[in-house]
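What follows is a single structure, written as structure tokens, with notes after it.
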Amino acid sequence: MGLLIGFCEKWWMIAVRGVVALGFGLLVLLWPGIDANVLALAFGVFAVADGLVLAGLALVGRDVLENWWVVLAEGGAGAVLGVLALSWQDIGGLSLLALLAAWAVVTGVFEIEAGVRLRRLATGETSLLLAGVLSVAVGIILVAVPKDDPVEIAWAIGLFGMAYGALLVLVAERMRRLAVAARPSSRR
């Protein structure tokens, strides 16, 4: 139970990831006449920010995260893919789509693993697991049904960012509730 409480106390870092994902999705959906370069810039900033928050979560949570290095690896992979998107000049629609799909699958696999661990600690808690499944599914769909139309790509990515961000905010809220419920003062 101590590991669960310690992990859940870091709920705000998951909330930051969710808000960043929501912002990314909203930006992509609302940007007028978005093209591949703007989409690559938005994704690059999002992936770097998300990766840095995850790496921070791993480092501050070393004492409570059983396999903190897995979270660090997820954050590092996301940040690297974000830097790649930012540095790749004139990235094409399909190349950007492949990069986004790779990020979604890698992140999703790590989150599924973390979701399984969290579910063992907090019986019935599936929101992080669902976020991982959504991420993997979107990554596979982006590869299986490639689109070269920037508008279709932007809509798919923007909607994913919104749904993914909403799920992460839900994960953070549930973690916050678990942390509050586990505090000794709340048991009175």
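The values are calculated or read from the model by the stated rules, or taken from the named source; none is laboratory data. Keep in mind that this is a model prediction, so the values were computed, not measured. Cβ atoms come from the backbone with ideal geometry, glycine included; neighbour counts cover every protein chain shown.
Could you identify the single residue in GLU74, GLU66 that is crowded, with 18+ Cβ neighbours inside 10 Å and of a type in the set (D, E, K, R)?
Testing whether each residue is crowded, with 18+ Cβ neighbours inside 10 Å and of a type in the set (D, E, K, R) leaves just GLU74.
Looking at the range 11-49, which of its residues are surrounded by fewer than 19 Cβ atoms within 10 Å (Cβ to Cβ) and outside any helix (DSSP H, G or I)?
Within the range 11-49, TRP31, PRO32, GLY33, ASP35 qualify.
Can you pull out every residue in the range 85-96 that is in a loop (DSSP other than H, G, I, E, B) and modelled with pLDDT of 80 or more?
Answer for the range 85-96, where residues must be in a loop (DSSP other than H, G, I, E, B) and modelled with pLDDT of 80 or more: just TRP88.
If you check VAL48, VAL38, VAL28, which single one turns out to be closer than 27 Å to GLY115 by Cα and of a type in the set (Val, Ile, Thr)?
VAL48 is the lone residue from the list that is closer than 27 Å to GLY115 by Cα and of a type in the set (Val, Ile, Thr).
Quick check on LEU99: is it part of a helix (DSSP H, G or I) and modelled with pLDDT of 90 or more?
no
Of the residues VAL20, VAL64, which is among the hydrophobic types (A, V, I, L, M, F, W, C) and at pLDDT below 90?
VAL64
Regarding the range 145-156, can at least one residue be identified that is modelled with pLDDT of 85 or more and crowded, with 16+ Cβ neighbours inside 10 Å?
Scanning the range 145-156 turns up no residue that is modelled with pLDDT of 85 or more and crowded, with 16+ Cβ neighbours inside 10 Å.
Does SER87 meet the test of being more than 25 Å from CYS8 (Cβ to Cβ), of a type in the set (S, T, N, Q) and touching a Phe, Trp or Tyr at 6+ places or on another chain (Cβ under 8 Å)?
no
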